[in-house]
Amino acid sequence: MTHLKNRNDGFTLVEMLVAMAIGAIVMAAVYSTYTTQQKSYILQEQVGAMQQNIRAGMYYMARDIRMAGCDPTGNANAGITAAGPTSISFTRDIRTGMDPTNNTADGRTDGWNEAVTYAYNAATDQITRGGQALAENIDALDFVYLDPNNNVLNPGQTSVPSANIPNIQSVQITIVARTGRGDQQYVNSNSFANQQDVQILAPQNDNFHRKILTSNIRCRNL
C-alpha cells in the first residue's frame, strides 16, 4: 500500500525573507539611479539657465556701451557721464523724442533709450538697466576703463575721476553668475578675477555653481 505525504504548497519564511531582501536591494538600486539622474537633470537645467542669464546680460551691456557717445550731429555732447567699478552711465543721440521707431539723431540725449545706466544691485544680486532687472543671480559685476594706450583709468576698483572720463576708449566687463539652486554634493571654493587679475569675488565656499564671462568693449564713438 502506497502512502502519500501531505504536502503544503507555498513559501517558507526563509524564502519570503530572501525574496524581500532581494526586492529591497533592487528597489534601492532603481531609486538611487532615478535620484542621480534627477539631480543631474536639475543641475544641467540650472547651469543652462545660468549661462543664458549671463550671456543675455553681457550681450545687452556690450551692445549699448559700444554705442556710448554716439553723436552724429556733434551737438548732443554725448558720452560716458559716470564710470564706477560696478556701474556705468552714458548717453547717445540715436532717437528722437519718445518715439521708439524713429532712429534719427536730433542733437539731444533726452529721448527714449538715449540715457542709459547699468549697475549691480548687491541687495538683490541683479544687474539693472535704468533700475529694471536685466540679469539675476549675479555675484559680481566689474567695469575696468582703459585709455587709448590701454592704461587702466580706475585702478583698485575705484571710480574714474570726472576729469579722466573723456579719456575712456574701451571698457572691460566681467560678470560672475551663479545657479539659482545649490548642489549639496558640491562645494565651490573658487575665486574670480577680472581681466586685470584683480579679484572681484572671493571664495564663497558654498554649494552654488558659478560661471564667469568677460568682454572688452571698444567704444567706437568716444
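Restricting to region 174-187, count the residues that are surrounded by fewer than 17 Cβ atoms within 10 Å (Cβ to Cβ), touching an Asp or Glu at 6+ places or on another chain (Cβ under 8 Å) and either at pLDDT 95 or above or not small (G, A, S) (or both).
Result for region 174-187: 1.
Which of the numbered conditions does I173 fail, given that it passes all the others? Conditions: (1) under 26 Å from N77 (Cα atoms); (2) within 23 Å of the chain's Cα centre (by Cα); (3) free of Cβ contacts under 8 Å to residues at least 60 places away in the same chain.
So the condition that I173 fails would be (3).
If I ask for residues that are outside any loop (DSSP other than H, G, I, E, B), crowded, with 17+ Cβ neighbours inside 10 Å and not small (G, A, S), which ones from region 52-80 would you list?
Within region 52-80, N53, I54, M58, M61, D64, I65, R66, I80 qualify.
Does any residue in region 193-222 that is on the phi > 0 side of the Ramachandran plot come within less than 7 Å, Cβ to Cβ, of a residue that is small (G, A, S) and loosely packed, with under 14 Cβ neighbours inside 10 Å six or more places away or on a different chain, and which pairs are these?
N205/S189
Could you tell me which of the residues V171, V152 is aliphatic (A, V, I, L, M) and surrounded by fewer than 17 Cβ atoms within 10 Å (Cβ to Cβ)?
Step by step, each of V171, V152 is checked, and only V152 is aliphatic (A, V, I, L, M) and surrounded by fewer than 17 Cβ atoms within 10 Å (Cβ to Cβ).
Any residue at all in region 191-208 that is charged (D, E, K, R), in a strand (DSSP E or B) and surrounded by fewer than 16 Cβ atoms within 10 Å (Cβ to Cβ)?
yes
Can you tell me which residue among I165, I138 is surrounded by 15 or more Cβ atoms within 10 Å (Cβ to Cβ), within 19 Å of the chain's Cα centre (by Cα) and of a type in the set (A, V, I, L, M)?
Testing whether each residue is surrounded by 15 or more Cβ atoms within 10 Å (Cβ to Cβ), within 19 Å of the chain's Cα centre (by Cα) and of a type in the set (A, V, I, L, M) leaves just I138.
Considering (1) in contact with a Gly (Cβ under 9 Å, 6 or more places away or on another chain); (2) under 20 Å from R218 (Cβ atoms); (3) not in a helix (DSSP H, G or I), say which one N149 fails and leave the rest.
(1)
Which members of region 115-134 meet the condition of being acidic (D, E) and over 14 Å from the mean Cα position of the chain (by Cα)?
Matches in region 115-134: none.
Out of T35, T96, T73, report the one residue that is polar (S, T, N, Q) and modelled with pLDDT under 70.
Just a single option satisfies the conditions, and that option is T96.
The values are calculated or read from the model by the stated rules, or taken from the named source; none is laboratory data. This one's a predicted model, so the numbers in the text were calculated from it and none came from an experiment. Note that each Cβ is placed from the backbone with ideal geometry, even for glycine, and that neighbours are counted across all protein chains shown.
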